[in-house]
Amino acid sequence: KYDSLTAVTATDEGMYGAKPLREMTRNRNVSVVIGNWRDQEFLSDQTYDVVVADYLFGATERYWAYGADELLGRLLDRVRPGGTLLIVGLEPYELVLDRNDKDDKLVLEVEAVGDAAATAAFEPNYRELPERWISERIARTPSFHVAATERFPMRLTARSLQRQLVFARDCLVKIEDDGLRAAFETRVRALDKELSVWARKGKSHRRARNYAIVVRRAEEAPAATKPAPRKRGFFGKKN
């Protein structure tokens, strides 16, 4: 139960922008805030009983290069004594998939062509963080501990992988070298053709996984004043 909920997003527009969030949460006591965690002052005067980081770390590199460690620190600072930080993430494909497996290789190559196209176009990219990295970072933080973890199988279809190719296409059109851009276009078409075969066969991939981590902050001595209303913070990912 909570008395208020604060949703954080990085932009006003788009699927996860402030406008659609406000429309979806009207009359539900939800405050939608636009901000960037790179700003040290962002929400620095606020704490919450529950903070939710919904696939946030996978987007960090795109919007704040090398900022994952500082971001986690700022999220922990937003948790009240006795409160909870809930983290959901995607385990990096290369840590769980095997290139010697034909289907695993296709998934890895779809991701790799997007990564390479982003680099060639000098575009910022997404970067998933392993569950272990977060757990070990929490273990080194006084007053916080990992209370529970769980892993969830992830189903990838031809359609979901083709959506990942859209990111590659968006990047490759920004590559200035004609020959390099043409090579990327050829590879993306070949991967899209392989995924079309998947679609016709109704195939899906289930070897990747997501994870959830529950982090608790230790209680402090109760204050003499009346406790503040309970609030929940939801910090999600922008695609």
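The values are calculated or read from the model by the stated rules, or taken from the named source; none is laboratory data. Every value quoted in this text rests on a predicted model; they were computed, and no experiment measured them. Counting neighbours? That spans all protein chains shown, and the Cβs are built from the backbone with ideal geometry, glycine included. With ligands, DNA and RNA removed, areas are computed over all heavy atoms of the protein, side chains included. Shrake-Rupley method; radii C 1.70, N 1.55, O 1.52, S 1.80 Å.
From the cross-link list LYS105/LYS203; LYS105/LYS201; LYS174/LYS201; LYS102/LYS203, which pairs have alpha carbons spaced over 23 Å apart?
The answer is LYS174/LYS201.
For the range 1-134, what is the accessible area per residue in Å², given a 1.4 Å probe and the full set of protein chains?
52 Å²
Give the Rg (one decimal place) followed by the Dmax (whole number) of the range 58-187, computed from C-alpha coordinates and expressed in Å.
Using the Cα atoms of the range 58-187, the pair Rg, Dmax is 17.8, 57 Å.
Could you pull the accessible area for HIS145 with a 1.4 Å probe, rounded to 10 Å²?
Approximately 100 Å² of HIS145 is accessible to the 1.4 Å probe.
Would you check the accessible area of TYR16, probe 1.4 Å, heavy atoms only, in square angstrom rounded to 10?
The accessible area comes out at roughly 90 Å².
Largest first, what is the accessible-area ranking of THR149, THR60 with a 1.4 Å probe?
Output order, biggest surface exposure first: THR149, THR60.
Give the distance, in whole Å, between the Cα centre of the range 14-37 and the Cα centre of the range 149-195.
So the separation of the two Cα centres works out to 30 Å.
Leaving ligands, DNA and RNA out of it, report the carbon-plus-sulfur percent of the accessible area of the range 116-206 at a 1.4 Å probe.
Whole-percent figure for carbon plus sulfur exposure: 51.
Determine, for each peptide in 190-201, 108-119, the mean count of other beta carbons within 10 angstrom over its residues, then list the peptides with the highest first.
So the order, starting with the most tightly packed, is 108-119, 190-201.
Using a 1.4 angstrom probe on the protein heavy atoms only, line up VAL188, VAL50 by accessible area, largest first.
Reading off the accessible areas and sorting them downward yields VAL50, VAL188.
Along the charge dipole of the chain, pointing to its positive end and built from +1/-1 on Cβ of Lys, Arg, Asp and Glu, which listed residue (LEU71, GLN40, PRO81) has its Cα farthest out?
Working it through, the farthest residue towards the positive pole turns out to be PRO81.
Based on DSSP, what percent of beta bridges with both residues in the chain are antiparallel, to the nearest 5?
50 percent
Report the accessible area of TRP133, computed with a 1.4 Å probe over the heavy atoms of all protein chains in place, in Å² rounded to the nearest 10.
Spelled out: TRP133, probe radius 1.4 Å, area about 80 Å².
Could you run the Karplus curve 6.51 cos²θ - 1.76 cosθ + 1.60 with θ = phi - 60° over the range 175-185 and give me ³J(HN,Hα) per residue in whole Hz, x for Gly and Pro?
6, 6, 6, 4, x, 5, 4, 5, 5, 5, 4
What is the set of long-range amide H partners of LEU5 at a cut-off below 5 Å, with H atoms built 1.01 Å from backbone N?
It is SER31, ARG232, by chain and number.
Return P(r) of the range 2-127 (all Cα-Cα pairs; 10 Å bins starting at 0; whole %; ordered from short to long distances).
Per 10 Å bin, starting at 0, the Cα pair percentages come out as 11, 33, 33, 17, 6, 0.
Hey, can you rank 155-167, 84-96 by average C-beta count inside 10 Å, highest first?
Per-residue Cβ counts within 10 Å, averaged per peptide and sorted highest first, yield 84-96, 155-167.
Grab the DSSP H runs of the chain that are 4 residues or longer, score each as -39,500 (n - 2.57), total them, divide by all residues and round the 222 nm result to the nearest 500 deg cm²/dmol.
Calculated mean residue ellipticity at 222 nm is -12500 deg cm²/dmol.
Would you work out the relative contact order for the range 65-135, in percent, from Cα pairs under 8 angstrom that are 6 or more residues apart?
Reported relative contact order: 34 percent.
Within the accessible area of the range 1-111, what % is carbon and sulfur when the probe is 1.4 Å and the other protein chains stay in place?
46 percent
Based on alpha-carbon atoms only, what is the radius of gyration of the chain relative to the globular estimate 2.2 N^0.38 Å?
1.15
Report, to the nearest 10°, how far helix 102-120 tilts away from the longest principal axis of the Cα atoms in the chain, using its own Cα long axis and a range of 0 to 90°.
Once rounded, one gets 80 degrees.
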